[in-house]
Amino acid sequence: MNDIEDDLKAALCRKPAPPGFAAKVFERMEDGSASSKARWKVSNPFWMAAAAVILMMVGSGVVGYRHHVRTRNEAALNRTLAALSIAAAQLDEAEKRAFPQERWERIGKQLSEVQSSEGK
Amino acid sequence: MDHAGVVLGGLSIDGEADKLAFVDAVTAHQSLVFSIAYHLLRNATLAEETAQDVFLRLYQDFDKIQSASHLIHWLRRTTTHRCLDTLRHSERRTHVSLDELDIDPPSAQPDRDPIMSQTLRRLVAELPAGARAVVVLRFQEDLEPREIAQMLDLPVNTVKSRLQRALIVLRGKLASLEESPHE
């Protein structure tokens, strides 16, 4: 019987890689390592346009947000002023109730009398 | 003999010296990687793709290679494991029918018995993936069972028994082919 092990060594000897194998490896290697640079150079206009669109969206979002904040602040200010106005009116009303007009007039008259008597 | 003059160290792949060493490694060991892939996968196209993937992986891990012998060990191990993964996940499973086999690529040296060699290659392709890997590493790369066990992360006795059973199966099939009349 033949020694199968010798036959297996002959049958399974190394075979040369296909022609151009090394070149294909280097090509894939270069594609992989330079992909970030190449992609930037080759499709730069595309990425620039995409970046511009995104920036515009973000920018408009920022402007919109600022406008929103300003509007909100102005509304808050107006509400505060209105509240103060109401408070002032209420205070005035309270004063009037506490010190009716005729009383002010009476007090004024008394002061006048006092001043005229002192003048004699 | 493989190019033993390749000096590899822990240099960054960006260095010119390492780039040249990598080119040298591809040129020197492409047949090793391709042959392991081909004998395991039995498909030249798939073997070429797998071999390219192995070298691309080497490119990424090149700074981990410590010596020329480490490089060869790394290539054998990575190629074998990648092929076994492919066989596990592909629909081909572990057995390849004779009808699916590619025409054998030419060998570097002429076969003393091309018909026997072709027959044996086809019979090896019919072995389960694990046994096939053991046979290829033993007879293509001339590795001892201990080395094969380390490479495949298997116990030595498992490797020895797989090898023994594979040889028994191959002898039996060869004998059957020799006894059966040719049609």
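Some observations on this one:
- Candidate set from the range B:119-142 (those that are within 12 Å of chain A (Cβ to nearest Cβ) and part of a loop (DSSP other than H, G, I, E, B)); member that is farthest from A:Ala10 (Cα to Cα): B:Leu127
- The number of residues in the range B:135-160 being within 18 Å of B:Leu174 (Cβ to Cβ) and either out of contact with any His (no Cβ under 7 Å at 6 or more places or on another chain) or among the hydroxyl-bearing types (Ser, Thr, Tyr) (or both) comes to 3.
- Count - residues of the range B:47-73 that are under 13 Å from the mean Cα position of the chain (by Cα) and either of a type in the set (Phe, Trp, Tyr) or over 12 Å from B:Ala25 (Cβ atoms) (or both): 5
- Cross-chain or 6+ apart pairs with Cβ under 6 Å, the range A:16-32 first and under 15 Å from B:Thr27 (Cβ atoms), then surrounded by 15 or more Cβ atoms within 10 Å (Cβ to Cβ) and among the aliphatic types (A, V, I, L, M): A:Ala22/B:Val26; A:Val25/B:Val26
- Residue check, B:Ser117 free of Cβ contacts under 8 Å to residues at least 40 places away in the same chain and farther than 26 Å from B:Leu75 by Cα: no
- The listed residues are B:Leu75, B:Leu84, and the only one of them that is in contact with a helix residue (DSSP H, G or I) (Cβ under 6 Å, 6 or more places away or on another chain) and farther than 14 Å from B:Val33 by Cβ turns out to be B:Leu84.
- Some residue of the range A:37-56 being at pLDDT 70 or above and at negative phi: yes
Quick grid of which residues meet (1) modelled with pLDDT of 95 or more; (2) more than 12 Å from chain A (Cβ to nearest Cβ):
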{"position": "B:Ala51", "(1), (2)": "yes, no"}
{"position": "B:His73", "(1), (2)": "yes, yes"}
{"position": "B:Arg77", "(1), (2)": "yes, yes"}
{"position": "B:Val96", "(1), (2)": "no, yes"}
{"position": "B:Ala108", "(1), (2)": "no, no"}
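- Verdict on B:Ala44 being within 12 Å of chain A (Cβ to nearest Cβ), surrounded by fewer than 20 Cβ atoms within 10 Å (Cβ to Cβ), of a type in the set (A, V, I, L, M) and closer than 27 Å to B:Leu127 by Cβ: yes
- Scope the range A:6-33; condition over 21 Å from B:Arg57 (Cβ atoms), among the acidic types (Asp, Glu) and either in contact with a His (Cβ under 9 Å, 6 or more places away or on another chain) or more than 7 Å from every other protein chain (Cβ to nearest Cβ) (or both); matching residues: A:Asp6
The values are calculated or read from the model by the stated rules, or taken from the named source; none is laboratory data. What you are looking at is a predicted structure, and each value in this text was computed from that prediction instead of being measured. No Cβ is skipped: glycine too gets one built from the backbone with ideal geometry, and neighbour counts run over all protein chains shown.
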